[in-house]
Each structure stands twice: as C-alpha cells, then as structure tokens.
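Visitor: I'd like to ask some things about the structure below.
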Amino acid sequence: MEDIYWPGFCGNGSRYTAFWSWSLTVNTSNPDVTQCFQDTVFVWVSCGIFWLFALFFIPVLSSKPTVHRMRDAGKLNLAKMILSILLCLTSILDLLKSFSEIPTHQTPPAAFVAPAIYAFTFGMSSFVITYEFKKGEVSSAMLFIFWSILLLLGGVSLRSKIIQVQIQDLDSMFRVVTFCVHYTCIVLEFILHLWADAKALPESTPDWGELSEKQPILIKAKPPTKSSGNREISPEIRSSFLSRILYWWITKLVIKGYKQALVFADMYGLLPEDSCDVILPKFLGEWRKEKVKMNNSAVRFSASHDCSGTPNGYQSHQMGNGIPSAKTTLTDTLHVETIASTQGQPSLLMALLRTFGPYYAMAALLRLLFDAVTFVNPMLLSLMITFVETGDPLTWRGYLLAVVMFLVSMIRSLLNQNYMRICLRVGLRARTAIIATVYRKSLKLSSAARKKSTVGEIVNLMSVDAQKMQESPIFLHLIWSSAIAIIVALVLLWEYLGVATLAGLVVIILLIPLNAYAGTQIRAHQVTQMSLKDQRLKVLNEVLNAIKILKLYAWEESFQSKVTGIRDTELVSLRNVQIANAFTSIIWFCAPLLMALASFATFVLSDPNNVLDPNTAFVSLSLFTIVNSYVSAVPISIMYLVQAGVSIGRLNRFLKEEELDTSVVDRTSSANGTISVTDGTFSWDRDEPTTLQHINIEIPPGSLVAVVGQVGSGKSSLLNALLGDMERISGKINVKGSVAYVPQQAWIQNKTVKENILFGKQWNQSFYKKCLRTCALEQDLKILPAGDQTEIGEKGVNLSGGQKQRVSLARAVYQDCDVYLMDDPLSAVDSHVGKHIFDHVIGPEGLLQGKTRILTTNGISFLPKVDAIIVLTKGVISEIGTYQELLSHNGAFAEFIKNYLNEKESESESEEEEDMRSQLRRQISVLSGSESGSEQDHHVRKRKRQISRQTSKQTSRQTSFGESTHAQEVMKIGEQLIEEEYAERGTVKYTHMLSYIRASGLRAILMVTIGYIGFVSCLIGANIWLNLWSNDQVVNGTQQLTDLRLGVYGGLGAGQLSYIVVQYFGIAFGCVIASGTIHKSFLERIMRAPMSFFDTTPLGRIMNRFSKDMETVDLNLPHTVEIILAASAQVIAVVAVVMYSTPIFAVVLLPLGVLYFMTQKLYLSSARQFIRIDATKRSPIYSHFGETLIGASSIRAYQQQERFMQLTDKMIDDNQMAWYGYIMSNRWCGVLMETYGCFVILFAAIFAVLATGSGSITGGDAGMSISLSLNVTQMLNYLVRASCDFEIQVVAIERIQEYSAVEVEAPWDIDHRRPPPEWPQKGEVQFDQYSVRYRPGLDLVLKNVTFQVEPGEKVGIVGRTGAGKSSLTLALFRIIESAAGSITIDGVKIADIGLHQLRSKITIIPQEPELFSGTLRSNLDPFGLYSDQDVWNALEHAHLKGFVATLPARLQHEISEAGENLSVGQRQLVCLARALLRKTKILVLDEATAAVDMETDDLIQSTIRSEFKECTVVTIAHRLNTIMDYDRVLVLDKGTIKEFQPPSVLLQDKRSTFYGMAKDAGLV
C-alpha cells in the first residue's frame, strides 16, 4: 500500500510529513505516526469532541443558578485554571514559532491550524473550569473526557517524539520543549480531574425554578455532608466523574455491609434531584397540563328554584337568633349543559415523558454509543483470526488487537452500566412521582370515585403498578436499539455470508407474527391477572381489618375460600402469562440458532465453493451472538412494557377519577364561624338519588345547633355536605373559618395519645392539660403505662369505643377552630361522662363557647341548652327552631320526643333530666290528646332509672377502657405497642431457596433438570463441532465433509431447541405451582394466627407481603430462574470450549474465579440488606396510606392535607434511599464483573497471540476461544447478578415464611371430639378454677375463676378497668387459651373441641359493626347454610325487612367496602340479623347499642328480649344500667370473682363490692 500525502496542507518531504504512512505506522516492527496525522486527526478528534460536548453542556450550565464567585475558588480549581491557561500559552507560542519560520522555512498550514485550534480550545476550557465552579459543579464529565483523550493521543505523540530524538530526526527542539510542557500540563490536568472540587458544592441546594443569573445565590463554599434529616448525604454528590462512572463512591458502604449487617441508619440520603421535594412539583405541573384535556367530560349544572308551598301551614320565618326556620319545600329544575370537547384524554405517559424525558434522552445517547461499540469487537476478531491464520511475525499487531479489544470491551461496559444507571434513576423518580401523586389523589377522591376504588386496589396501584413503572425505562430503549442493532448485524453478516444472510432474515420475519401473537396474549392475561390481584387484595384488606369478627363468628374458612377462589383464578391467568412468556422466550432464544443454521446451510449448499473457514464461521457466530443478545432482550422488553402499559392504563384511570369540588364550600364571603346553606340538594353520587334535598339553614357565629332525626334521616350526610364531601346538585354552602370535625366512628392514628391529640399543632402545655381535663381523659391516662406517650395500635385496637371518641374530641378541641362539626360524639360514652363533656366542652358554658358548633345527637338531654334544633326527616329539613318552639308544634320533633319517652330502658339521667321528662310527657300528651302511660308505669320506670343512675354514675370516675385486650396487656410492659419491623440479617437461609424449589413440584424439577443438562450438552457439542468444521481442509476449493458437518450441526441445534422447550415450560409450570403453594400456606397460617399477632402487627406489613412480596414470587423469581439457567449454561459451555481450545487459559481461570467469588460475596452481603431495608420501609407507606383513606374526611376538615402529604413524601424518600443504594451497588458489582470479563477477553487474545508464535493454535481454535470470550463477559455478569438477584428475591419468600411460621390457634375442627350437632341444647356455662394469661411471661388476668351460668339465665359482667371482663368473654370464645382450669358448656369442655366447633355455637353482637364488600346475603350467611326465607325472617325480626325490600337487588344488594353505603345504625341491625340467623343457645353482648340512636337501641333491646328469651345471655356491662333487670351480676376485681348475685341483692348488701362501687361514686 502506498502512503497518503496531503501536500497542500501537510507539506512535502519525508514520510513524517505524509498524512498517513503505511510503512511508518503499520508495516514495521517499530510503528510510529506521522507529524501531519498528529497535527490533524489527533487535534481535530480531541478538540472536536470537546466542542461537541460544549455545544450541549454550556446551555445546561447556563440554566443553573450561580452559587459562587471566583474569589471563593479553592486551590484545586485555581490549579486547573492555571494549567489550562499555561496550555493555551504554549499553543500560542507554537503558533508564533510557526509564524517566525515563514521567512526561512516552507511551513505547512497544519503547523498553523493545530496550535490555533489548541489555543482556542484551551482558552475555552479555562472558561469552562471557571464557569463550572460558579455553577457549583464539583466534577466535569466534559473536561475529564477531553483530558483523557489528550492524554491517550499525547502518549502516542510522546513516543513519536522519543523515536525522533533517538534517530535525530528533529525539525525544531523548541517544539519538543513546548510539547513536553504541553503534555506535562495535560497529565497534571488529568490527575487533578480525578478529584472532585468539594469547594464548588453549595452549602444548600438551590431551587433552580426560582433562581436565575439576576438573582444569584452567593454562599459559603462549605460542602454539605448531611441531609435535612441529619443523615449523611450520598457521597455521589461530591464524587469525581470517574468515581461516578465506576461507582467507587459507594465502595465504602458495600464494604461496611460485608463487615456488618447494614441498617437503615447506614443508608445515604438521596440526592436533592431524586427527592420528592424536587421531583413532585415538576411532575404535578406536567400532569396539570394533561388534566386540562378532561374538559370533554365536564358538565355544567345550573338550577332554578320555585317555592311551591309550605307544609302543615307553617311559613318560612327568620328566628330571633338569626337561624331561619326551613318549613318551605323547594322544587328545583336542573339544567345540564355539556361542554364541548376540543381536546383528548389526559395521558400519564406524556406527563412522565415531559417530566423525565430530557434526562432519559441521555440514556438513549448512551444506548446508541453502546450499540455502535458492540460491533467493533467482531471486526477486531476478524483481524485476530487473520493474524493467527497467517502467522504474522509482527506480534505487536496481535498484542495491539488484544489491548484494543480489552479497551473496547471496557468502554462498552461503562456505557452499559451508566445507561442502566440513568434508566434506573428515571424509574426511581417515576415511582416516587406516581406514589406521591396517587396519595394526593386519594385525599381528593369524590364519594362516587371512592366506591370504584377500594383501599386494596389503591394500595395495589402504589405497590405493584408503581413498581412496574420503575422497572420499565430500561426496556423502552431496548426495543428500538434492538431493531437497529439487528439490522446492522445483518448488514455485516452480508459481508461474510452474502445472500445466505437472507435465510436468517427470513427466520426473523417468520418469527415476528408468532411473537406478536404471544405479546397480545401476554397483555390480555396480564390485564386479567392485575384485575384479579386487585380483587384479592381488596378482600384480604377487608378480612385483615375485620379478623376479630371473623374469628368470633368462625367465618375464617368462608373468607379464606373466597380469597383462595380469587387466587386460583389469578393463578390460571398467571400460568397463561408464564406460558406466553416461555413461548416468546423460546421463539427469540432459538431465533439466533435457527438463523445460524439456516444461514450456514444456505451458504454451504448454495455454492460448493463457499467454504466455512474460521473467519467466516466465528465472526458470523459472534454476530449471531450479538443478534442473540438483542433478540433475547425483545421478549423481556415486550413483557415489561406490556406490564407497564397495563399499569399506566390503571393509573391513568385512577388519576382521572372524579375529585371533590373544593369550590362547593365557600369560605370567603362571611364572618368567621358563619354557616349557611341556600337551596342545597346533595348526593353521594350524581347517578344515585339525592340524600339531602332543599336544605336552607343559616347559623350565625358562636351558635350551638343540634341536628336530630331517625336512623338514615341524613344527619351525618348534612355534616359531610358542610365539609364538602358530598356532591352538590344545587345550592350554595358557606362555611367561614377553620373547621374541626368529630366523626361518628372515631378516627385514631397509630401514634401516641399525645400525637393523636396534637395532630400536628404546636404543643401548648396549659391548653393541652385543659383539653385532657374537659374531655375526661385524665383518669384514663393515669392507667396507661406511659401516659399520653402510650402508643395506640392500628385503628385504636387497644382503646374502647368511648375512649377513642374522647381522644377524637380532644383532638378537635385542641385545634381551637372557628367551626365544630360533631357527629354524635357522646353516644359511645357513659351518660354522666357525656354530661361532663357537654357541660365542659360543647355546651354554652364549655370550653368551646363562642365557637360555632353543630352537634348531631340521638338523645334529648342536651337539647334545651342548644340555640337551635334542626330536625331531619328522610333527607329533608322538616323543622328548625328553638327547643320550646319545636316542642309547641306537633311535628317531627314531637314524634322524636315520643320515641324517646316510650323507650323501655332509658339512659341514666340526672334529677333535672327526669323532671324534664315529666314535663315533656305532659306537653306531648296535651299536643297528642292522649296519655303517654299510666301513673303506675311512670313510677316503675322512675324507680328503674334511679337504680340505673346509682349504678352507672360510677363510670364517670372510671375510664371507659372496658376492654382488656391483648394489646393492652402488651402495653403493660412498655409504651410501644407496634415494634419496628424486623429485617433479617446475614445470608438468606438455603432452606428458603429449597422450599421454593420443592414447592414447584417433582414434575417441574425433572423437566428443568433434563432440559438443562440436555441443552448444555448440545451447546458444547455444537461449538466444538463448528470448530472442527471450520478447520476442515479445503480440497479443490471445497470442503469434503460438508453434508455430514451440516447434518450433525443441525441435529445438535434441534436438540438445543427441544431441550430448551422442556426447560422453559418446566420453569413456567413449576413457578406457578410454587406461587400457589406459597400463597396458600401463607394465607392459611395468617387466618389461623391468634389475635395477639394482629394486635401487634400493622396490617400494612401483612399486606406488603401479600402484594409486593407475592408479586416478586409470582413474576420476578421465574424470570430470574430463567436467566440463571440460560447464563450458567452459556458459561459452562464457554469454559469447556475455551479450555478445550487453549488449555493454558486454566492459568487465569482460577484467579478470575476467586475474584468473581469475592466480589459476589462482597456485593451480596450489602445488596441483601438493601432489599430487606427497602421491604421494611415499604410497609409504613401502605399502613399510612390505608390509615389516611379511612380518615380522609378528618384530614380534609382540619386542612391537614399538606402535613400528611409531607409525611408521605418523607416515607417515600426513606424507602427510596434503600432502593437507590441497591441499584447503585448493583452497578458497582456490574462494573467489576464486566471488568473481570474484559480481562478474560484480554487473556484469551494474548494466549492466542503467544500460541501463534509456537504454531500450536489454529484459526478455528482462536476464533472459537475469543468469540466465546466476547460473549462470556455478558454471560458471567448476568450469572453473578442473577444469582444475587435470586438470593435477594428469595428475601420475599423469607419475609412470607416469617409470617407463615407464626404461632397458630388450636385446630378449627377435631373430628374425633366433635360435639353433637344439637349442642349446646341448654346453654349452661361453667367455669372451673379457670385461669388465663395473654402470653407466657405475663401475669394472670383471670385467677382461679369458678362460677356457673344456668340455662336461659341473663348474666351481666361488671368490674373496674383491668378486672378481667373482656378477658372472660375472650376466654369463652378461646381467643385466649387457659393457663389452668376449664370452661364447660353443657357438659363439654370447650378446650377439647375445635375452635369452629365452639365459636359457631356461640353468637356475639359486637360494639362496632363490621360489614364486608359483597352482597347483603353473603354478609349475613357467608357459608350459604340458610334458605332465603330464613334470611328474610331474620331481617324482619331485625327490623330491616322494609329497608331491604325497597332495594332494587334486595338480598343481592352490593355492600361497599366496610359497609360505607349503610348508616351505622343499619350496620348494627345487620349484625343483629346475623345473630338472629344463627340463633344459638348462648348470646354475648359487647355493649352493642352504644353508637345507635334511641329508636334503634329500642328495636335491638326488644328483639333480644323476645327472640332470645330462652337463650343464655352474657353481657359485658361498661354501663351498669343495661343489666339492672338481669338475673345475676358477676362482679370481677383484679381477675377474681367478688360477687355473683342478682343486682337487687348486691345493692342491699352494704358489704358487697357492687355496693362499694355505688358508694365510691357518692350515691349511697
């Protein structure tokens, strides 16, 4: 070859002035580069790359705020700048030298252009160094790459200069000196850029959105080392560019994780740009833009009102206190106008792309570079095979090829790892944005939307769907890059195989429709599976929330079957997904094999002169391997993107759900405390009938207004309307000032008592104590071991209903708001405690005097003291007025009073209340014209009330902590009830891995084993056979054994295909079986766990295992198993073949193996803990989320959304700290593993070069060895990481089995001890020397208790707090087991029979009614044991038949989650219907009527007396008046029986404890 000259630019002369010289550079044993090449290509490449980076990087820098002045610069920055200026000066000197030589020399243009470009570039680099410091950049990627290129190219130039000095061929010593200075400065610049400039870090992170060049932040150059939470911030922020791309910055944490188990305190804080505070505002801004598109569904409502008349002759009037009487009936005409749509539906995907797209685009660039570099090594392989075959004597060429292959592989590795880093970081940010957005959306959901999305479904969005979005960014770029790479590979294959390449192309084209079909099947089954998963989690959430009720009713099997049924259907979909995935994987795994076989066959058969030599065979095989890596990525990418697509659709639908209209309640147009509603009509759902109609009220500031009415009249709905929680059909609402809300069912957080009361407000000691005193909480706190620092369990599990309500009220009082909306807060407390609270808190002289108060109530005791009363009847205000005004009318209020007077058992009353009752009776009898009862009946009732009053007043001195639950027993030993979630430490036990393998079944294990061994054998055989084929001698231009070689090669390929099918389908079936087995055993164990487990375990932890951990077992583990088997097969084949071709490779195999093992061990120790910590930090998010959904109305009412959102954001960041540590340690491991793989390539190539000199290697051997080595880098990396991932993912099994090993209750059924079907016939209950404790190590709560309850007897159980009342009842149901003694029912010891055999024969009506989503019938009879007629009879006796008969679906009426579409009173009646349906001989009442109105209470009491008159009734009496007509009273004190006599006898005995309780209360 001739040298290339460029005389017009490089000049004429020796070969050193040529542009390119083959003789100087290539065809020599001492290669060199021409000066012109150095002055042109070297300069243009290095400076061109710099300016290309600057073109994009400078605008990015300019968008950042200025954080420093140059006078703040440190020594490192000054040194960099000085060296850069010095480089610029040396270039200028070279340029001046060239000008000075013009008169005496014919200086070529290259001598002017090169120093000029350098001078300009180095000047720009000085500016960049300064500018980056001002912008707070600690390390520059652009400058590091620039100096690295200059260092590399300068090294070549330095060698050239040394050679010239040696041969004394120098044009100018001046340029040698300037070059030495130039190169020394470059070396120093490179060294300085290895370190980050810590002084460039700002003390705090500026907000880029608010700052500009005009408003620079000028702060001290103090690098941040702590995050806002006093946690060490990630060292990444102060690391150099090299440390970042090699992940050295996390090495310290990885090593620490190897030495000791990492804990959460060890986690690095997130970088600011990865935190919720930075990510969320950007994403929400983009999502708001998308939501503008929802105008197409907007509907505008307008209303006209016609006052058509006033019923009963009463006219609308304004009362003296400013509260109007609303006796008018309004007829509203609604006009609905649909707004024309001009835009499409909002797209979550577009919002995500606009938020994270620019950063994600960097990943696309890295992917493109990675793909380009990938095809360099096959070209180098071709040169290496040629080198070996020709026996090239210039060995430096071989060594150069080996080094270049090593460097190319390293660059490829770094590009891949940093591509992964960006994608994973984008995924992390997307998950953060999605979880935080879903949480915010859930706080704003309308009531109609809440019915569509249950707690379980929304938790699934946060756990599963957000995780899918986190995993998908990696695979999106793989789709298009794979297509491009496959095309490039086919083009290169054409160079070697020619037309035969088309055969391979045909194979791909034929496989595309099959893959497309499989993709559609995956998507369809994925949608079904996700839907079923939602259903399963929804049911599980309800089951776990009401687990105590299930145990008391012995309904665990029914609901377990319900969950199992859904799970079985889900497993069918999961199996279909796995089969479709296996089918897709098989297609694309076999595609390269089929391509190679088809192409080689076509190549050798199409022309006898086509010889499959080593170059053709192994370069083609290397290209086929590249195709394999890309086509195998396609099914995985499709799978993940399909899953992400499904998740985007689900998230999109949820985020588009209707939100509460914040403009419904006007808070601006009146004085603080004013409440007014004008022409208000409201509904819970626009598609359902209205709940409140024609509401007109105006309440002036400081008023106390009572709202009364029967069950279902709309009292609670009115308060919800004022809160803005209902759909406003028409009218206006005005509530001015801050609002406090006390719901009917108290909402309690899993925090301390004090935190529940403060509720985010600053502590004021004096006011706080006043709140405790007025809300009657002081005595309660004295009992608790840690006082107000005592932690309350989930949903207030360790509090009674009364105390939860008082804590809720204390929270409202402490907030010191302008308006108080109280939904019957006094129903759950004793009447005297209620009177105390009314007098000291709610009433005219209470703490809230001067505040606007609306109180819904079912009693009349306090009505004379209120300013006005609103009477609701079927959603309409029938009357408004003062107490005396309404009493003078014979209207709805008078009817309400009649119901009160006719109660058989009234609440305890004071003397003044009794006088009021007498006065009411007289007034009502005058109005109605009839007597309300005989004088004798009146005296009888009066005597009963006196007894009731005496015996119940003592509760004002007691706490209403009536229940002594397991949670309270735990509380005795410390203030913390819920322990921090435990994370295992150290190596995952192999028993967990083996349990997963065993769970897959013997058939699947055999299929996988046979398929794996067969596949590996065929793979090794195919490679060795191809080597033998390529080394066949060529005779007369052809190979003689072509047919034999092709036939055997084809047979081995068919064997690979057959065995891989067996293996993949074995994995698919086995993993589904294992998932089903693990879930089944987990569910069974949880359903059989004792109540103590649920009292001390947050439901979020259990749900986390059922959702996220089961998701890992269902989908991630099968995929990881596939990768392990595929990668290990490739590695085994490579090692076998390389050892076969170059046995000397064994020398480096051992040390490389040791390095692999050590790195894996080092990485795995940390990664395992990262995953465990990540799992433990997910649970609080789900628990907090479920807690928030239940209390959403309270949170909105108190305007606490921002605080709760900030708390959620912090939880998300805490969770992401562990996850970010995991993915960065994963990249750290990847870089090291791939570096070792690059050394495998280097040694394989070097050994080939060494063997070439001795002639002991053929081109086929070298080609096979190096081509497989190129592949082993990726395979080894996959194998090690997949093995680590497998162990890490087995943590999910570990966590599941942790709860699968919890202690269980006694057997549900014991066949050989089954009592007779009619047992118990009499209902006799006998305790014999019975003792019980809640768990080993705790004190006895019942001590040697002996008593007998006769058949049909009514017994009340009383005692002070901690006496053992609830313990005795729990013992009766065997919720807690005996420590000594026995309980006998009708002669059968309950400890000898199964729990269900016992519990199904005893009926309980609990204090708080629990319903489940499903039909009304399934709530009454989940086992389907009773006929429809039996159910209707039960409903009739429970006074629900009329209501159910009006429902369109009747018994099949759908009950929403937790029974939210029924009122509390209706729910309690459903519980009564359950009891009536079971109709057992023993009935237990747990203060079942505390939270219902008087009429419902009367219905329940009358039904119990009539329907259970022949049954044994045991009542836990927190208020003694409820048991005064019982046969006997059991008085407990500190776990022992003090008395067991009729109440009248006990009151007559002044020495009795019962009498003493009355005496303590000052009543006798």
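Visitor: Choose one of P1118, L1164, F1145: the residue whose Cα lies farthest towards the positive end of the charge dipole of the stretch 1103-1214 (beta-carbon charges +1 Lys, Arg; -1 Asp, Glu; about the Cα centre).
Guide: Farthest towards the positive pole: L1164.
Visitor: Something else about it: Rounded to a whole number, what is D in µm²/s for the stretch 1-149 from Stokes-Einstein with the Kirkwood radius over alpha-carbon pairs (4 °C, 1.567 mPa s)?
Guide: For these conditions, the coefficient is 74 µm²/s.
Visitor: Which order do the peptides 673-682, 1332-1341 come out in when sorted by mean C-beta neighbours inside 10 angstrom, highest first?
Guide: 673-682, 1332-1341
Visitor: Multiplying the sequence separation of L349 and W248 by 0.36 nm and subtracting their Cα-Cα distance, what value in nm do you get?
Guide: My answer for the length gained is 32.9 nm.
Visitor: In terms of modelled amide H atoms, which long-range or inter-chain residues lie less than 5 Å from the amide H of S800?
Guide: Hits under the 5 Å cutoff: G962, E963.
Visitor: Could you tell me what a quarter of the Cα convex hull surface of the stretch 1314-1436 works out to, in nm² with one decimal place?
Guide: 9.7 nm²
Visitor: Relative to 2.2 N^0.38 Å, what does the C-alpha radius of gyration of the stretch 411-562 come to as a ratio? Two decimals please.
Guide: 1.60
Visitor: Further, regarding this structure: Along the stretch 1541-1546, what does the Karplus equation 6.51 cos²θ - 1.76 cosθ + 1.60 (θ = phi - 60°) give for ³J(HN,Hα), rounded to whole Hz, x for Gly and Pro?
Guide: 9, x, x, 5, 5, 5
Visitor: Work out the charge dipole of the stretch 621-755 with +1 on the Cβ of Lys and Arg and -1 on the Cβ of Asp and Glu about the Cα centre, then indicate which of A633, G731, W684 is farthest towards its positive end.
Guide: With unit charges placed on the Cβ atoms, the residue in question is A633.
Visitor: Okay, next question. Among V1147, V187, V604, what's the order by accessible area (1.4 angstrom probe), most exposed first?
Guide: Sorted by accessible area, descending: V1147, V187, V604.
Visitor: Once the Cβ-Cβ distance between E1303 and R71 is put in as r, and R0 is 56 Å, what FRET efficiency do you end up with, to the nearest 0.05?
Guide: Efficiency, rounded to the nearest 0.05: 0.25.
Visitor: Something else: What distance in nm lies between label points placed 7 Å from Cα along the C-beta direction at S558 and W195?
Guide: 7.4 nm
Visitor: Explain nothing, just compute: Karplus ³J(HN,Hα) = 6.51 cos²θ - 1.76 cosθ + 1.60, θ = phi - 60°, for every residue of the stretch 1197-1209 in order, whole Hz, x for Gly and Pro.
Guide: For the stretch 1197-1209, the Karplus curve yields 4, 7, 6, 9, 4, 4, 5, 5, 5, 5, 5, 5, 4 Hz.
Visitor: Keeping all protein chains in place and using 1.4 angstrom, which order do I792, I1124 fall into by accessible surface area, from largest down?
Guide: I1124, I792
Visitor: Of the peptides 1110-1116, 76-82, how do they stack up when ordered by the mean number of other Cβ atoms within 10 Å, highest first?
Guide: Ranked by mean Cβ neighbours within 10 Å, highest first: 1110-1116, 76-82.
Visitor: So how exposed is L1041, as accessible area in Å² (1.4 Å probe, rounded to 10)?
Guide: Accessible area, nearest 10 Å²: 80 Å².
Visitor: Further question on the same structure: If you place +1 on the Cβ of every Lys and Arg and -1 on the Cβ of every Asp and Glu, how big does the dipole about the Cα centre of the stretch 694-851 come out, in debye to the nearest 20?
Guide: For the stretch 694-851, the charge dipole is close to 200 debye.
Visitor: What length, rounded to one decimal in nm, is gained on full extension from T1346 through to V506, with 0.36 nm per residue of separation minus their alpha-carbon distance?
Guide: Taking 0.36 nm per residue and subtracting the Cα distance, the gain is 293.6 nm.
Visitor: Non-local amide H neighbours of K1538 (under 5 Å, H modeled in plane, Pro and chain starts lacking H): which ones?
Guide: Under 5 Å from the amide H of K1538: V1531, L1532, D1533.
Visitor: Tell me, what ³J(HN,Hα) does each residue in the stretch 464-472 have, in order and in whole Hz, if you take phi through Karplus 6.51 cos²θ - 1.76 cosθ + 1.60 with θ = phi - 60° and put x for Gly and Pro?
Guide: For the stretch 464-472, the Karplus-derived couplings read 7, 5, 4, 5, 4, 5, 5, 7, 6 Hz, x marking Gly and Pro.
Visitor: Can I ask one more? So what's the gap between the Cα centers of the stretch 48-76 and the stretch 680-697, to the nearest angstrom?
Guide: Comparing the Cα centres of the stretch 48-76 and the stretch 680-697, I get a distance of 62 Å.
Visitor: Would you pull out the residues with amide H under 5 Å of D666's amide H, same chain only if 5 or more places away, H placed 1.01 Å from N?
Guide: Those lying under 5 Å, H to H, from D666 are I733, N734, V735.
Visitor: Once you list every other residue whose beta carbon is under 14 Å from the beta carbon of S126, what net charge do they have if Lys and Arg are +1 and Asp and Glu are -1?
Guide: After counting each charged neighbour, the total is 0.
Visitor: Would you give the gap between the C-alpha center of the stretch 623-673 and the C-alpha center of the stretch 775-791, rounded to a whole Å?
Guide: A separation of 45 Å, based on Cα centres.
Visitor: A further question follows. Quickly rank 605-617, 1158-1170, 425-437 as a protection proxy: mean count of other C-beta atoms within 10 Å, highest first.
Guide: Result, highest mean first: 425-437, 1158-1170, 605-617.
Visitor: Taking the full set of protein chains and a 1.4 angstrom probe, give the accessible area of H1439 in square angstrom, rounded to the nearest 10.
Guide: In the full protein context, H1439 sits at about 90 Å².
Visitor: If you don't mind, there's one more thing I want to ask. If r is the Cβ-Cβ distance from R1003 to V1147 and R0 is 56 Å, what FRET efficiency results, to the nearest 0.05?
Guide: Efficiency at R0 = 56 Å is approximately 0.80.
The values are calculated or read from the model by the stated rules, or taken from the named source; none is laboratory data. These numbers come from a predicted model, not from an experiment. Positions of Cβ are generated from backbone atoms using ideal geometry, with glycine treated the same way; all protein chains shown enter the neighbour counts. SASA here: full protein model, heavy atoms, side chains in, ligands and nucleic acids out. Shrake-Rupley method; radii C 1.70, N 1.55, O 1.52, S 1.80 Å.
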